[in-house]
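The values are calculated or read from the model by the stated rules, or taken from the named source; none is laboratory data. Computed from a predicted structure; not experimentally measured. Glycine gets a Cβ as well: all are built from the backbone with ideal geometry, and neighbour counts include every protein chain shown. Surface accessibility is based on the protein's heavy atoms, side chains included, excluding ligands, DNA and RNA. Shrake-Rupley method; radii C 1.70, N 1.55, O 1.52, S 1.80 Å.
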Amino acid sequence: MSPAAASERRKEAGPRMLAERDSPRESATISLHSFLAGSIAGAVGTLVGHPLDTLKVHAQAGRRSPSSLRCLFRGVGTPLIGAGALQAANLGVYENVRRRLSADRPPLLCHAAAGSVAGLCISPVTTLLSRVKVQQQLTGQSFVATARSIGSLASLFTGLAMTALFESTRGGYMLAYCLLKQALTPSGSAKGEPPLWARTAAGAGANVVTWCVVYPIDVVRNVQVAHAAAHPAGQAPGWLACVRALLREDGPARLYRGYALTILRAGPVAGVILPTFEVVLPYLEAVL
């Protein structure tokens, strides 16, 4: 393709409307570009959100907050390296499942179902990454030292059930994102396309709404992982025993410890990831 032709295609690409992305003609196409766009979006989101994620993990585990900027970025290497691949898988699976379902089904249902399927697909990987990341955040160990300290395969997959449940809620997030994006799109927008600010606000708002519901799940899985990090040779408590222990400690409020930090992180990160994906994907499909 000549430079002039590529430039012309970039101009025509632009962020796609929801209706265009749900068109039947996409259903037969496997989008490899969506995996690359997802990797870019994931890396950007990690850089934005990791410091607040570190504060959240310390709060959930009942530890003192880090005292320096360097400490806030403890463990960033693992999620930064993995975030690109993880979001490539998440958004790549999401986009391709959505396209497969969109031929004869309601668009919003397709977005929700695709989000849940993608979340379940990546849950084994996010379990591994979370296990290493949380231990690094709490102990300050290097990746190699953390890997050596993990006593068994069972310890490595601590919290898998809760992680799978947590990741499956991505369907609810995608549904909220689409609804908010439609609601925020000005009536006079060209071709009905939501502007970038509407996409950003919808991403942030959908994540905040979703976290209100799923936050206790995240607390339980992080407490399980924190226990495994502190007792590598032991067995982490089951999710039900963990919930009971947390409720005895401080009642329902314990299940929302660190919630404010999560909301502070959730908005900026979600406000970056999906808009980045939606803006980058059509350009990649136009150019590559």
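P282 - would you say it is open to solvent by less than 30 Å² (accessible area, probe 1.4 Å), part of a helix (DSSP H, G or I), in contact (Cβ under 8 Å) with a residue 24 or more places away in the chain and on the phi < 0 side of the Ramachandran plot?
Values: open to solvent by less than 30 Å² (accessible area, probe 1.4 Å): yes; part of a helix (DSSP H, G or I): yes; in contact (Cβ under 8 Å) with a residue 24 or more places away in the chain: yes; on the phi < 0 side of the Ramachandran plot: yes.
Here the answer is yes, as P282 does meet what is asked.
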(message) Quick check on my filter: what residues within region 237-255 are of a type outside the set (D, E, K, R), out of contact with any helix residue (DSSP H, G or I) (no Cβ under 6 Å at 6 or more places or on another chain) and open to solvent by 90 Å² or more (accessible area, probe 1.4 Å)?
(response) P252
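Residue-by-condition table, conditions (1) touching a residue at least 60 places away in the same chain (Cβ under 8 Å); (2) in a helix (DSSP H, G or I); (3) touching a strand residue (DSSP E or B) at 6+ places or on another chain (Cβ under 8 Å):
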position: L80; (1), (2), (3): no, yes, no
position: A88; (1), (2), (3): no, yes, no
position: V97; (1), (2), (3): no, yes, no
position: R105; (1), (2), (3): no, no, no
position: A112; (1), (2), (3): yes, yes, no
position: Q137; (1), (2), (3): yes, yes, no
(message) For P66, only one of the following conditions fails: (1) open to solvent by less than 60 Å² (accessible area, probe 1.4 Å); (2) without any contact (Cβ under 8 Å) to a residue 24 or more places away in the chain; (3) within 24 Å of Y177 (Cα to Cα); (4) assigned to a loop (DSSP other than H, G, I, E, B). What is its number?
(response) (3)
(request) Please identify the pairs in which a residue from region 162-184 that is closer than 30 Å to A241 by Cβ has its Cβ atom under 9 Å from the Cβ atom of a residue that is acidic (D, E) and crowded, with 20+ Cβ neighbours inside 10 Å, counting only partners at least 6 apart or on another chain. (result) M162/D218; F166/D218
(request) Within region 146-162, track down each residue that is small (G, A, S) and open to solvent by 40 Å² or more (accessible area, probe 1.4 Å). (result) A147, G151, S152, A154, A161
